[in-house]
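Remarks on the structure that follows.
The values are calculated or read from the model by the stated rules, or taken from the named source; none is laboratory data. All values reported here derive from a predicted model rather than from experimental measurement. Quick reminder, even Gly has a Cβ in these numbers, built from the backbone with ideal geometry, and neighbours come from all protein chains shown. Ligands, DNA and RNA are excluded from the accessible area calculation, which covers all protein heavy atoms including side chains. Shrake-Rupley method; radii C 1.70, N 1.55, O 1.52, S 1.80 Å.
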Amino acid sequence: MSEKLIDVIDNAGLVRLTINRPKALNALNSDVLAELEHVLADLEGRADLRAMVITGAGEKSFVAGADIAEMREKTPEQARDFARQALDTFKRLETLPVPTVALVNGFCLGGGCELALACDWAVASDNAIFGQPEVLLGVIPGFGGTQRLPRRVGPAMAIDLCTTGRKIDANEALRIGLVNRVMPQAELEDYVEELAKQLGGNGPQSVRAAKQAIHDGMDQDLDSALALENALFAFCFAGEEQSEGMSAFVEKRKPNF
Ligand code: CAA
C-alpha cells in the first residue's frame, strides 16, 4: 500500500488531510480508502485533536467519486466488499469526536459527495460541482449517499439528485443545505484555516459534547435525545472548561481553553 495517497499536516491538533491523486481527480480507490481508514484510526483516540479538514489535491477536484476503472470489473461480492470498506471508513470519519470540515475545491461527485456528507461542515469554492451521478453508470450511490443525502437535504431533493444524476453548482448546493458556505476559490483556503482555528479555539470538551449531542440525538426519538442533551449539558459542568468560560465572561476577559 502506498503511504503517499493521503498527506497529513498536523498543526497543534488542527489536522488537515489531503487526498493526493490529482491525475485521477482524487478518485477513491481501495488504496486511498485503506490509507484514509488508517489515518482516521490514528486520529480518533487523540485527546489533543481539535478539528480536522479534508480536501483533495489540485485546483480542479475535491473527489470525483469512487474509482470507476477499479469498479468496472467487480463481481457483486467484490462490489459489496469495496463499498463496505468505504462505509466503514466514512463512519470513522463521521464519528471522529471533533468537528470535521470538507474543503470542497472543485468536483465533488459520487463518492466525493458522500465523503463530504460524512463531514460536519462543507465549505465550497464557487466553481465546485456536486452530484450523485451513479445512475449514469448503472449503479446507485454505495458510500452512504442514499442515506446521508436525504438526512442532509431532505428526501425530495435526494431523490431528484440520485435518480437524475444531474450535477449542481455550489450556489444550488448552498441553497439546498448540502454545504454551509460558498467562497471565491482564491479565498477558500484562508476561510477554512480561520474556521479551523475558530473551532479549535473554543472549549474542546464542549465542542466535542455539542457534536456528540447532535449526532447521537439525531438517531433517537425526541425524548431520548433531549435526555442525552441534558446528560451532556451536566457533564460540561464536571470539568474546568465551564468554570473558565463563565469566569472569563464575568471577569470581562477572553477564556483560556
Ligand atoms: N474514477 C476513476 N478515474 C476518474 C474518475 C473516477 N471517478 N473521475 C475522473 N477520473 C480520471 C479520468 O479517467 C481521467 O483520467 P485519464 O487522464 O487517465 O484519462 C482523469 O481523471 C481526468 O478526468 P477527465 O479527463 O474526465 O476530466 P474532465 O475535466 O473532462 O471531466 C469529470 C471531469 C466531469 C469529473 C469527469 O472526470 C467525470 O465525469 N468523472 C466521473 C464522475 C463520476 O461519475 N463519479 C461517480 C463515480 S461512481 C461512485 O462514486 C459510486 C459510489 O457511490 C461508490
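One table, with the values for the structure above:
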quantity: In the chain, lysine pairs closer than 21 Å at Cα, eight or more apart or cross-chain; calculated: 7
quantity: Longest to shortest principal axis, alpha-carbon extents of region 150-237, angstrom; calculated: 46, 35, 14
quantity: Residue-span extension gain [Lys74 to Gln212] - 0.36 nm each, minus C-alpha spacing; calculated: 46.0 nm
quantity: Long-range amide H partners of Val182 with built H, under 5 Å; calculated: Ala124
quantity: Region 203-250 shape via C-alpha gyration tensor axes, a/c threshold 1.5; calculated: prolate
quantity: Part-to-part distance (alpha-carbon centres) for region 53-117 and region 216-243, which is given in Å; calculated: 31
quantity: Distance cut-off 24 Å, percentage of C-alpha pairs in the chain lying past it; calculated: 49
quantity: Karplus (6.51, -1.76, 1.60) ³J(HN,Hα), θ = phi - 60°, over region 113-118, in Hz, Gly and Pro reported as x; calculated: 5, 5, 5, 4, 5, 7
quantity: Residue-averaged 222 nm ellipticity for the chain, from DSSP H runs of 4+ at -39500 (n - 2.57), nearest 500; calculated: -15500 deg cm²/dmol
quantity: Normalised contact order of region 203-250, rounded percent, pairs of Cα under 8 Å and 6 or more residues apart; calculated: 40
quantity: Exposed trypsin sites (Lys or Arg not before Pro) absent: longest stretch of the chain, with sites in DSSP loops and at most 16 other Cβ within 10 Å deemed exposed; calculated: 75-165
quantity: Whether region 1-64 is rounded, prolate or oblate, judged on the alpha carbon gyration tensor where a/c under 1.5 counts as rounded; calculated: oblate
quantity: For the chain: relative contact order, % (alpha-carbon pairs under 8 angstrom, 6 or more apart); calculated: 15
quantity: Accessible-area order (highest first, 1.4 angstrom probe) of the listed residues Met157, Met71; calculated: Met71, Met157
quantity: FRET efficiency, 1/(1 + (r/R0)^6) with R0 25 Å, evaluated for Leu222 and Phe249 via beta carbons; calculated: 0.25
quantity: Ser125, Ser243, ranked by accessible area, largest first (probe 1.4 Å); calculated: Ser243, Ser125
quantity: Val53 long-range amide H proximity, modeled H, under 5 Å; calculated: Val15, Arg16, Leu17, Val101
quantity: Area accessible to solvent at Glu44, 1.4 Å probe radius, in Å²; calculated: 70
quantity: Label point distance in nm, Gln242-Val135, each placed 7 Å from Cα along Cα→Cβ; calculated: 4.9
quantity: Length released on extending from Arg151 to Asp81, taking residue separation times 0.36 nm less the Cα-Cα span; calculated: 22.8 nm
quantity: Helix 76-94 vs. the chain, principal-axis angle (Cα, 0 to 90°, nearest 10); calculated: 20
quantity: His38, His215, reordered so the largest accessible area comes first (probe 1.4 Å); calculated: His38, His215
